[in-house]
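One structure is given here, and the rest of the page talks about it.
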Amino acid sequence: MRRIILGGTGIEASCLGFGCASLGSRVPREEGLRALAAVFEQGVDWLDLAPAYGRGQAETIAAEFIRGRRDRLRLCTKVGLAPPRNAGGLKGRVMGAAMPLARKAIGAVPALRGLARASGATANTKLPLTPELLRGSLEQSLARLGTDHVDLYALHNAEAAEIARDDILRALEEILASGKARAVAVATSPEVAEAAIGRGAPFGVVQLALPDPGRPDMVFAAARGSGFGAIGHSVFGVEGALAGLEARLGADPVARAEVLAAAGVDQPRAALGRLLLARAFAINPEGIVLASMFSGRSRSENIAMAGAAPGDAARALIDRLAA
Ligand SMILES: NC(=O)c1ccc[n+]([C@@H]2O[C@H](COP(=O)([O-])OP(=O)(O)OC[C@H]3O[C@@H](n4cnc5c(N)ncnc54)[C@H](OP(=O)(O)O)[C@@H]3O)[C@@H](O)[C@H]2O)c1
């Protein structure tokens, strides 16, 4: 596992982070705990959490794994999104229990996704940022996680106006001074990430989606150039980029052969997964790339790729295919 020093923080961590957004929702507790143990054993020590993740259950479940290992783990949690309506109530718990089945059905019938969103069953709610929310949400996260500090505290889906406000900036400075967070970040859009880089302290890290295949990187290079840490997610594309590229290979045997040869596997989907991850490490070579890897297959693919050097050739090939 390649290790990095995350810019803007001085924190050493694995270059691959485990994204826990599905822990406690799509992924049941026991399966999630097994996955956490498996990735940790293979060198992944960065966990990406938020109060809203797993329909509000992710931090509580992760705490069972963190206990006894806190000093060997790096934790990011966030503030600013609330879990879906009633996630903690009886109705929400019943929904939560039904969620793995519901997600399978939604996967099989994509039209159901819109219905589920409209019902509020899956949507997190943006909370307006205030100093009280920043302090209170952090205390609640620390209590759920069973720790006295997080390594990174990120403003989840923060808006440009929020990160420019004096009261927000002062509250973040106080949080840093208290030692309850070692660094603060924005975890939001490229535009707000750029604004945070322009502002500098108290922000030291930006977390955002990697640019879709074929799109230029506007922010990761800027972060590096300004001494910021950068954390990338959505390696496989926000809206079905992987499926789009797979369809392209289906229609183009020459491109298919080129991709299979570059990845060294004989399945187009696995090959694209590898190349997209190699591209992510090339775009963000000094930072952290997040992936969900609850299944053994994702884990072994992602951990293998995180041991290799960042893949500039993979980046060029994927971007050429998507252009
Ligand atoms: N605003 C923010 O800060 C923000 C926004 C989005 C995401 N995130 C963070 O980033 C994490 C990852 O989110 P994401 O949206 O980028 O999800 P993702 O990692 O793209 O995962 C989506 C799906 O792709 C699968 N997958 C993982 N590795 C793969 C591979 N090598 N080949 C093919 N499929 C693979 C996952 O498998 P499994 O079923 O094995 O898990 C999962 O089902 C989240 O959990 C969250 O922590 C943060």
* Take the residues in the stretch 66-86 that are open to solvent by 10 Å² or more (accessible area, probe 1.4 Å) and without any contact (Cβ under 8 Å) to a residue 60 or more places away in the chain, then tell me which one is farthest from residue 156 (Cα to Cα). => 68
* Residue in the stretch 164-193 that is least open to solvent (accessible area, probe 1.4 Å), counting only those that are away from the ligand (no atom under 16 Å from the Cβ), without any contact (Cβ under 8 Å) to a residue 60 or more places away in the chain and of a type in the set (D, E, K, R) -> 167
* **Flag for residue 63 being modelled with pLDDT under 55 and away from the ligand (no atom under 15 Å from the Cβ)** => no
* Tabulated pairs, the stretch 211-227, first among the β-branched types (Val, Ile, Thr), second not in a loop (DSSP other than H, G, I, E, B), C-beta under 8 angstrom, 6+ apart or interchain -> 219/190; 219/193; 219/194; 219/197; 219/206; 219/208; 219/230
* **Tally, over the stretch 3-59, of residues that are touching a Lys or Arg at 6+ places or on another chain (Cβ under 7 Å) and β-branched (Val, Ile, Thr)** => 3
* Can you find even one residue in the stretch 259-268 that is under 27 Å from residue 205 (Cα atoms) and within 11 Å of the ligand (Cβ to nearest atom)? -> no
* Scan the stretch 80-90 and give yes if some residue there is over 13 Å from the mean Cα position of the chain (by Cα), at pLDDT 95 or above and assigned to a helix (DSSP H, G or I), otherwise no. => no
* May I ask you to list pairs of residues, at least six apart or on different chains, whose Cβ atoms are under 7 Å apart, with the first in the stretch 7-25 being on the phi > 0 side of the Ramachandran plot and the second being within 12 Å of the ligand (Cβ to nearest atom) and open to solvent by less than 20 Å² (accessible area, probe 1.4 Å)? => 8/205; 24/32; 24/54; 24/58
* Note down all Cβ pairs under 6 Å where the first residue falls in the stretch 34-49 and is within 14 Å of residue 75 (Cα to Cα), the second is of a type in the set (Phe, Trp, Tyr), and they're at least six residues apart or on different chains. => 36/65; 44/18; 47/18
* Asked: Does at least one position in the stretch 272-290 carry a residue that is open to solvent by 40 Å² or more (accessible area, probe 1.4 Å), in contact with a helix residue (DSSP H, G or I) (Cβ under 6 Å, 6 or more places away or on another chain) and basic (Lys, Arg)?
  -> yes
* **Residue satisfying all of: in the stretch 273-292; more than 25 Å from residue 261 (Cβ to Cβ) and under 13 Å from the mean Cα position of the chain (by Cα); farthest from the ligand (Cβ to nearest atom) among these** => 287
* Structure fact -> Residue count, the stretch 229-246, condition modelled with pLDDT under 90 and touching a strand residue (DSSP E or B) at 6+ places or on another chain (Cβ under 7 Å), comes to 1
* To do: State all residues of the stretch 303-316 that are open to solvent by 10 Å² or more (accessible area, probe 1.4 Å) and within 12 Å of the ligand (Cβ to nearest atom); if no residue qualifies, say none.
  => 303, 304, 305
* Structure fact -> Among 62, 35, 21, 50, the single one that is in a loop (DSSP other than H, G, I, E, B), of a type outside the set (Val, Ile, Thr) and open to solvent by less than 10 Å² (accessible area, probe 1.4 Å) is 50
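The values are calculated or read from the model by the stated rules, or taken from the named source; none is laboratory data. Please read these numbers as outputs of a predicted model, since none were measured by experiment. Backbone-built Cβ (ideal geometry, glycine too); neighbour counts: all protein chains shown. What goes into the accessible areas is simple: the full protein's heavy atoms, side chains included, and nothing from ligands, DNA or RNA. Shrake-Rupley method; radii C 1.70, N 1.55, O 1.52, S 1.80 Å.
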